[in-house]
Number of protein chains: 2
Amino acid sequence: MASPLRQLLPRRSVLAAPSARAWSTKRCLLSQRRSYAIAAPDSKDPKLQAIDLSKLQVQKTTTPKERLDNKDLVFGRTFTDHMLSLEWTASNGWMDPRITPYQNLSLDPATCVFHYAFEAFEGMKAYKDKQGNVRLFRPDMNMARLNRSVARIALPTFEGDKVIELIKKFCQLEERFIPSERGYSLYLRPNMIGTQRTLGVGPPGSALLYVIASPVGPYYPTGFKAISLEATKYAVRAWPGGVGNSKLGANYAPCIVPQMQAASRGFQQNLWLFEDVDAETGKVEDFVTEVGTMNLFAAIVNKEGQKELMTAPLDGTILEGVVRDSILQLARERLVPEGWKVSERRFHMRELAEAAREGRMLEVFGSGTAAVVSPVRSIQYNNELVSCGLTEDVEAGQITKRFKDWIEGIQYGDEAHPWSVKI
Amino acid sequence: MASPLRQLLPRRSVLAAPSARAWSTKRCLLSQRRSYAIAAPDSKDPKLQAIDLSKLQVQKTTTPKERLDNKDLVFGRTFTDHMLSLEWTASNGWMDPRITPYQNLSLDPATCVFHYAFEAFEGMKAYKDKQGNVRLFRPDMNMARLNRSVARIALPTFEGDKVIELIKKFCQLEERFIPSERGYSLYLRPNMIGTQRTLGVGPPGSALLYVIASPVGPYYPTGFKAISLEATKYAVRAWPGGVGNSKLGANYAPCIVPQMQAASRGFQQNLWLFEDVDAETGKVEDFVTEVGTMNLFAAIVNKEGQKELMTAPLDGTILEGVVRDSILQLARERLVPEGWKVSERRFHMRELAEAAREGRMLEVFGSGTAAVVSPVRSIQYNNELVSCGLTEDVEAGQITKRFKDWIEGIQYGDEAHPWSVKI
């Protein structure tokens with residue numbers, strides 16, 4: 001229970017009760033800033049042991065698994081021979097890293113991960129290029145985000161560059177599980193759990209960071225398939241001052257029942273709305289946040305007649321997607337010279353519905369590690385099915401396809417780019 | 001992945017965008033209704049196996065533990081010899097219940113409880129009365145709440161009365177761990193976790209319901225000790241349309257860092273505020289919700305000169321406490337005839353601060369299973385320390401003490417009452 005306090009800055013300034021309208025504006029502003037900034041990681045605490053790469057212990061399996069045929073791969077169902085583990089205690093810091101055969105975790109039933117959701121994860125992939133090299137895609141982004149996530153729930157932070165080195169060693173050991181076929185990859189799941197075995201509600205005195213790996217196929221084996229979304233506000237995924245921007249287990253279980261509801265009405269995913277006042281107009285709008293498993297992009301012709309690619313800003317209510325960030329950077333480099341406007345800004349469903357009605361809707365797509373980009377055919381909003389610019393016989397728009405090609409080109413090493421890290 | 005859909009009704013009606021003011025009022029109304037109502041439990045699905053009490057398997061330990069001295073008991077740190085377990089699968093339903101020696105859970109590292117927070121729990125106690133009988137306190141309330149919690153995250157529901165029968169058998173087996181001294185009890189922790197071992201985000205195809213037990217002492221071994229709270233709004237615990245009324249692990253880990261922050265400033269707990277518009281005045285106020293581990297009651301003399309005991313309503317953002325409900329019922333039976341007004345209603349910090357400044361503050365206390373009632377000395381709110389009616393030499397007010405006596409009298413069987421269930 002001796003985990004050091006981590007400072008949360010800036011703290012929201014405390015205001016006297018304003019009028020309803022002033023409050024509305026204030027709320028808008030609040031939801032556009034980060035609630036938390038996290039101070040230096042524990043790994044810098046000189047009293048605690050940092051991760052020591054030279055101490056890595058590797059215990060190889062004596063019963064290697066059969067590799068499945070590529071066509072039989074299902075996301076996150078089969079795993080490689082080994083796992084990477086790092087234990088932490090509040091009194092000692094990080095213990096020696098270990099690669100062991102993939103095995104069950106044996107935990108006391110009072111362990112805090114089972115009761116209070118002390119858990120945060122990442123999703124990343126290892127790709128094999130045409131020369132047979134194994135590559136990671138922006139792993140520094142995943143480690144930085146995992147550090148922000150774990151700090152938010154009083155789990156220990158760590159030196160991301162060291163864990164990347166360990167992940168590289170782990171991937172080398174599991175190389176035979178990384179398919180060389182385009183579209184296939186090895187999905188990596190870093191996960192941290194609190195392992196303290198008491199029921200007192202407080203910061204965990206011990207934790208386990210582990211990485212498992214699952215060979216996966218292309219998200220759409222038969223090529224793109226556009227999905228339909230149900231815009232949802234009867235349930236709310238995230239809110240200002242909450243934890244929607246952290247990749248915590250806590251954000252996932254509560255979304256499943258609404259997802260099942262949407263599925264029962266024929267929609268593949270929820271599009272999570274956040275009802276708030278538009279700072280410019282003073283009107284209440286249903287702002288677009290994210291899909292829960294993906295960030296969302298919309299390409300429209302705006303009222304000024306300019307092509308605009310937009311996605312919600314990092315206001316604390318959406319996940320800070322690695323692919324989202326990559327799309328924004330590529331769009332600024334490659335689409336702006338073609339005359340596009342690229343916006344990280346709040347936008348609402350009424351704006352999308354108007355664009356669709358007025359023939360200004362170009363494309364909508366989700367972004368995430370699983371599918372890179374995922375084209376959207378339509379969004380059910382109130383009683384309106386908002387069409388997202390695809391004709392019936394088309395599964396993906398041009399911009400969606402270009403982003404897929406650009407990013408996969410970098411991921412698979414066809415295009416030399418600093419984002420692709422060769423192991 | 002074949003878990004049947006559960007209906008969520010009523011769905012929030014969809015309104016056209018109103019003006020900011022209308023919205024504010026609407027938000028107030030929305031936050032006063034439950035977002036979800038849950039349909040019939042899975043246990044009624046005729047295709048699935050229900051819990052069969054006659055199939056209970058009991059495997060007794062061969063290495064019984066030493067009992068700690070009462071004075072050495074720490075909440076939730078030591079456990080009894082055994083645990084109660086029930087496994088569920090989507091294809092079969094509930095398997096045979098088992099009581100086994102207390103033992104670690106062995107789970108695949110891909111198990112969904114570690115990644116997506118499929119977990120919900122309860123807290124309840126077994127008491128020993130003067131005749132040596134073991135008693136539970138309103139266990140039906142805990143089972144009903146656990147069913148609501150698990151249904152909210154797509155875990156299987158169950159027949160609460162059957163699990164109560166199993167808990168009774170479990171308590172009988174562990175009787176030697178239930179201290180007979182007043183203030184001591186056996187804390188029971190029913191917990192349900194999703195056990196499906198794939199990384200796909202969907203309803204778990206298997207689950208485990210288990211109960212462990214920890215002998216505990218009085219929350220304040222030296223008698224009442226009043227605590228001080230930090231009223232918190234830079235972090236927000238719950239939101240309308242969220243899961244703040246369910247006893248999910250997901251609600252706990254995110255509260256720890258703010259709790260550590262409050263502790264660093266000398267406050268034992270956070271008092272979670274929810275900023276919203278007051279439907280009557282149209283002004284923005286910081287409404288009082290709960291403490292995160294307790295519900296909150298305030299006793300004031302209201303502006304009409306009447307003594308009023310108030311607590312926040314069940315609007316979806318607070319936990320539906322068993323002790324909270326018991327206090328409300330007892331207050332209506334026993335305080336109303338003395339001239340008190342008893343209110344489940346929204347109230348805000350400005351109202352409490354005004355009562356304190358104007359000499360109308362009587363008492364504030366938290367309610368929960370751990371301490372029954374927990375007196376509050378002060379609440380730090382903005383730049384004001386709101387004093388809660390206790391003089392420096394006094395740790396608990398009269399009303400707080402009376403509730404403690406009334407409820408403990410029922411829990412320990414001194415007063416015959418239908419809430420106390422003899423095993």
Do we find that A:E408 is among the acidic types (D, E) and over 19 Å from the mean Cα position of the chain (by Cα) in this structure?
no
How many residues are facing another protein chain (nearest Cβ under 10 Å), in contact with a helix residue (DSSP H, G or I) (Cβ under 7 Å, 6 or more places away or on another chain) and over 17 Å from A:Y381 (Cβ atoms) if we restrict to the range A:249-297?
8
Unmet criterion (only one of (1) modelled with pLDDT of 95 or more; (2) in contact with a helix residue (DSSP H, G or I) (Cβ under 6 Å, 6 or more places away or on another chain)) for B:M310
(2)
Every residue from the range A:124-163 that is of a type in the set (G, A, S) and either assigned to a helix (DSSP H, G or I) or farther than 28 Å from A:R176 by Cβ (or both)
A:A144, A:S149, A:A151, A:A154, A:G160
Counted residues in the range B:215-230 being surrounded by 22 or more Cβ atoms within 10 Å (Cβ to Cβ) and closer than 27 Å to B:V163 by Cβ come to 2
Within the range B:179-195, of all residues that are under 22 Å from the mean Cα position of the chain (by Cα) and more than 30 Å from A:L188 (Cα to Cα), the one nearest to the other protein chains (Cβ to nearest Cβ) is B:R189
Within 22 Å of the chain's Cα centre (by Cα) and either surrounded by 17 or more Cβ atoms within 10 Å (Cβ to Cβ) or within 14 Å of chain A (Cβ to nearest Cβ) (or both): which single residue out of B:A110, B:A120 fits that description?
B:A120
Given the options A:V257, A:V211, name the one that is hydrophobic (A, V, I, L, M, F, W, C), assigned by TED's automatic domain parsing to the domain that holds A:M192 and either more than 18 Å from A:T369 (Cα to Cα) or at pLDDT 95 or above (or both).
A:V211
Mind checking which residues of the range B:150-165 are more than 9 Å from chain A (Cβ to nearest Cβ) and charged (D, E, K, R)?
B:E159, B:D161, B:K162, B:E165
Tell me which residues, restricted to the range B:364-388, are surrounded by 24 or more Cβ atoms within 10 Å (Cβ to Cβ), of a type outside the set (S, T, N, Q) and touching a Gly at 6+ places or on another chain (Cβ under 9 Å).
B:V364, B:F365, B:V373, B:P375, B:V376, B:C388
Unmet criterion (only one of (1) buried (at least 24 other Cβ atoms within 10 Å of the Cβ); (2) touching a residue at least 60 places away in the same chain (Cβ under 8 Å)) for B:D325
(1)
Reported set for the range A:353-368 where residues are touching a strand residue (DSSP E or B) at 6+ places or on another chain (Cβ under 6 Å) and more than 9 Å from A:M294 (Cβ to Cβ) is A:A353, A:A355, A:A356, A:R360, A:M361, A:L362, A:E363, A:V364
Subset of the range B:94-123 (residues that are outside any loop (DSSP other than H, G, I, E, B), touching a Pro at 6+ places or on another chain (Cβ under 8 Å) and farther than 26 Å from B:N245 by Cβ)
B:L105
So if I check each of B:P218, B:P240, which one is closer than 30 Å to B:D405 by Cβ, part of a loop (DSSP other than H, G, I, E, B) and either in the same structural domain as B:L73 (by TED's automatic domain parsing) or touching a Gly at 6+ places or on another chain (Cβ under 9 Å) (or both)?
B:P218
Only one of these is more than 14 Å from chain B (Cβ to nearest Cβ) and touching a Cys at 6+ places or on another chain (Cβ under 8 Å): A:R377, A:R324, A:R334. Name it.
A:R377
Positions within the range A:196-248 being within 10 Å of another protein chain (Cβ to nearest Cβ), over 20 Å from the mean Cα position of the chain (by Cα) and within 30 Å of A:Y184 (Cα to Cα), in sequence order:
A:L208
Within 30 Å of A:Q261 (Cβ to Cβ), among the hydroxyl-bearing types (S, T, Y) and under 19 Å from the mean Cα position of the chain (by Cα) - does that describe any residue in the range B:124-136?
no
Restricting attention to the range B:290-322, the residues that are charged (D, E, K, R) and assigned to a strand (DSSP E or B) number exactly 3
Output yes when any residue across the range A:134-149 is within 14 Å of chain B (Cβ to nearest Cβ), in contact with a strand residue (DSSP E or B) (Cβ under 9 Å, 6 or more places away or on another chain) and surrounded by fewer than 23 Cβ atoms within 10 Å (Cβ to Cβ), and no when none is.
yes
Cβ-Cβ below 8 Å, separation at least six or inter-chain, first residue in the range A:285-296 and modelled with pLDDT of 95 or more, second in a strand (DSSP E or B) and among the acidic types (D, E): which pairs?
A:E285/A:E275; A:E285/A:D276; A:D286/A:E275; A:F287/A:E275; A:F287/A:D276; A:L296/A:E290
Restricting to the range B:57-96, name every residue that is farther than 17 Å from A:A110 by Cα and within 12 Å of chain A (Cβ to nearest Cβ).
none
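The values are calculated or read from the model by the stated rules, or taken from the named source; none is laboratory data. Only a predicted model underlies this, so the values are computations on that prediction, with no experimental measurement involved. Cβ sites come from the backbone with ideal geometry, for glycine too, and all protein chains shown count toward neighbours.
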